1. Quick check on Thr102: is it part of a helix (DSSP H, G or I), within 15 Å of the chain's Cα centre (by Cα) and among the polar types (S, T, N, Q)?
2. Condition first: open to solvent by less than 40 Å² (accessible area, probe 1.4 Å), β-branched (Val, Ile, Thr) and either assigned to a helix (DSSP H, G or I) or in contact with a Phe, Trp or Tyr (Cβ under 9 Å, 6 or more places away or on another chain) (or both). Can you find one or more residues in region 34-42 that meet it?
3. Please determine, by comparing only the residues of region 171-211 that are of a type in the set (Phe, Trp, Tyr) and part of a loop (DSSP other than H, G, I, E, B), which one is farthest from Gly118 (Cα to Cα).
4. Any idea which of (1) of a type in the set (Ser, Thr, Tyr); (2) within 25 Å of Lys133 (Cβ to Cβ); (3) modelled with pLDDT of 90 or more is the one Ser80 doesn't satisfy?
5. Looking at region 140-147, is at least one residue out of contact with any Ser or Thr (no Cβ under 8 Å at 6 or more places or on another chain), buried (at least 20 other Cβ atoms within 10 Å of the Cβ) and assigned to a helix (DSSP H, G or I)?
6. Does Ala61 satisfy being open to solvent by 30 Å² or more (accessible area, probe 1.4 Å), assigned to a helix (DSSP H, G or I) and among the small types (Gly, Ala, Ser)?
7. Test of understanding: among Trp52, Trp79, which residue is under 13 Å from Ala34 (Cβ atoms), open to solvent by 80 Å² or more (accessible area, probe 1.4 Å) and among the aromatic types (Phe, Trp, Tyr)?
8. Considering each of Ala112, Ala117 in turn, give the residue that is open to solvent by less than 60 Å² (accessible area, probe 1.4 Å), among the aliphatic types (A, V, I, L, M) and free of Cβ contacts under 8 Å to residues at least 24 places away in the same chain.
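The values are calculated or read from the model by the stated rules, or taken from the named source; none is laboratory data. Not measured: the values here are computed from a predicted model. Reconstructed Cβ throughout: ideal geometry from the backbone, glycine too, with neighbour counts over all protein chains shown. Accessible surface is based on the protein model in full, side chains and every heavy atom, while ligands, DNA and RNA are left aside. Shrake-Rupley method; radii C 1.70, N 1.55, O 1.52, S 1.80 Å.
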Amino acid sequence: MAQLNQRERSTASARTRAAAFFVHIFTALGAGVALVALLEAVREHWAAMFGWLGVALVIDAIDGPIARRLEVARVQPDWSGEVLDLVVDFVTYVFVPAYAITASGLLLPLAAPLLGAGIVVSGALYFADRRMKAADNHFRGFPALWNAVAFYLFLLHLPPALSSLGVAILIALTFIPIRVLHPIRVVRWRGLTLSLLGIWAMLAMFVLAKDFDVPAPVTIGLCAIAAYIVGSDAAIRLARSFHA
């Protein structure tokens with residue numbers, strides 16, 4: 001009986017380790033999705049590229065809770081889920097969007113390569129910064145969300161000079177300690193944030209289905225939600241300063 005119980009515990013332990021490792025495989029799948037997105041970008045299938053980046057975003061959103069539930073860090077201590085997540089995030093949030101921003105013709109031709117390099121270099125430095133998140137889970141500095149920046153550049157289709165200036169400003173803001181809302185982990189107003197995030201996702205899918213040819217109210221709604229994500233903490237701090 002004791003030998004049987006030992007065998008059952010060994011089998012259960014093997015299953016636990018296998019399940020934990022499959023979480024790592026699921027996270028790494030985001031890198032494969034990024035490659036498909038890059039192939040679509042090379043073909044200038046921009047809506048398809050953003051669709052695949054959206055799939056990567058979903059993977060990034062759910063792999064963390066699964067990993068914590070299965071205690072992956074304890075069960076598979078030889079594999080760093082944190083490092084793996086940063087590697088995949090750099091590819092999906094920075095590298096592929098940087099290519100799209102640079103190659104799409106949305107920026108000034110002379111500035112595009114320099115700004116593309118600036119995106120990649122600043123993004124790499126940001127992901128290596130141990131201070132990238134505040135204690136309350138707000139991002140510190142512009143959080144290298146270049147997939148979102150690329151989406152809005154394609155959506156708004158601003159004059160190249162203005163788009164180039166905007167990209168340059170965001171590169172600089174990577175190193176300035178502004179606070180930007182993390183839409184999942186920040187506790188304050190989480191219900192409102194998640195609701196707006198759901199609306200944003202539906203509007204974004206509509207935009208991609210229409211290949212960015214959408215009416216003004218859709219664009220206004222997407223821009224308003226972006227303004228909430230970027231500026232809500234600053235607005236709250238400013239309001240508190242007036243009442244202090």
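1. no
2. Step one: of region 34-42, the residues open to solvent by less than 40 Å² (accessible area, probe 1.4 Å) are 34, 37, 40-41.
Remaining after also requiring β-branched (Val, Ile, Thr): none.
No, region 34-42 has no match at all.
3. Here is the first cut: in region 171-211, the residues of a type in the set (Phe, Trp, Tyr) are 175, 189, 200, 206.
Next, only the ones that are part of a loop (DSSP other than H, G, I, E, B) stay: 175, 189.
On the way: Phe175: 12, Trp189: 33 Å.
Applying the filter and picking the extreme gives Trp189.
4. For Ser80, the failing item is (3).
5. Yes, the conditions are met somewhere in region 140-147.
6. yes
7. Sole residue among the options that is under 13 Å from Ala34 (Cβ atoms), open to solvent by 80 Å² or more (accessible area, probe 1.4 Å) and among the aromatic types (Phe, Trp, Tyr): Trp52.
8. Checking each option against the conditions leaves just Ala117.
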